[in-house]
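Q: Sending over a structure as structure tokens; questions will come in a sec.
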Amino acid sequence: MSIYYQDDLVTLYHGDCREVMADMADRSVDVVITDPPYTERTHGMAKTNRGAGHGIKAVTFAAISDADLRAVLAECGRVSASWVVTSLDYAHAFAFDQGPPVGLRSLRIGVWVKPNPMPQISADRPGQGWEAISFLHRADTKPAWNGGGKAGVWTYPVVQNTGHPTAKPLPMVEDWVRLFTNASETVFDPFAGSGTTLIAAANENRKAVGVELEERYCELIAKRLSNQTMALDFGMRHECRGAPPDRRCRHVGATPPRPPPVLGVGERTHRVRHLARRRPPPGPR
């Protein structure tokens, strides 16, 4: 386990999330927002249409067992002070609704509606045009959120050409950050993937801690976050809400203060492999 990337708001660990969470105290983060790998059942059937012009491809990341998924989500519930928001295949979402991981209760199953879903290859039944979102909460704490009576339905197209086969839409995850956290709180993502949760948290001025097992995706996350940091330095639009090219992002120019450490990992010294490099402002022309 080592720190792979760090900036004013985001810390990314390269390693196994179970090792990282073992060093974390109870309620050490405010909210968990994550997208676990497919389980073996789903992984065997999964395909992706990312880069739709290049055909349909099998997903290439490793699967997680049903038992490990349940155990990791139970640990997420331990380290979270409130919510565990997680994308899941529908079978696991409904299984956890009936029997949630230890320490958690299931409060709602939401849906991500996909206008451009993966087609049904066999053509003998309708394709799957939605994905389940489990809204789990610590069983010993009263729930609260910022959404009032809002329904748990989000409609966004499948994200393509991000370098990760199952990346989630950034505006959708930003909405989750706003709905389930408050200013200055910390978001934890044990399965950081392409880094969308970390970017969404930073865009909403929240601190974020992520863990990613595969180094190739750590590299992808570091590049996305570094590009965003440089865009802020130069007053350019960055990855925020899909802003059109003729409109600057509303976060431009805001440089948040450096937060205190948000994750205790004992007295170990970690080698920081990718620190965000802030370029000096351009000189006079």
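Q: Short version: ³J(HN,Hα) in whole Hz for each residue of region 151-160, in order, from phi by Karplus 6.51 cos²θ - 1.76 cosθ + 1.60 (θ = phi - 60°), x for Gly and Pro, what are they?
A: Taking θ as phi minus 60°, the curve returns 7, x, 10, 10, 10, 8, x, 4, 7, 10 Hz for region 151-160.
Q: Residue-wise, which Karplus ³J(HN,Hα) couplings in Hz belong to region 63-79, taking 6.51 cos²θ - 1.76 cosθ + 1.60, θ = phi - 60°, and x for glycine or proline?
A: Rounded to whole hertz, the list is 7, 10, 6, 4, 5, 5, 4, 4, 5, 5, 5, 5, 5, 4, x, 5, 7.
Q: Sorting check: for 208-221, 127-140, which peptide has the highest mean count of neighbouring beta carbons within 10 Å, and how do the rest follow?
A: Values: 208-221: 21.8, 127-140: 18.4.
The most tightly packed comes first, giving 208-221, 127-140.
Computed from the coordinates by the stated procedures, all read-outs in this text should not be read as laboratory data. Everything quoted here is computed from the prediction, not taken from an experiment. With ideal geometry, Cβ positions are generated from the backbone for all residues, glycine too; neighbour counts draw on all protein chains shown.
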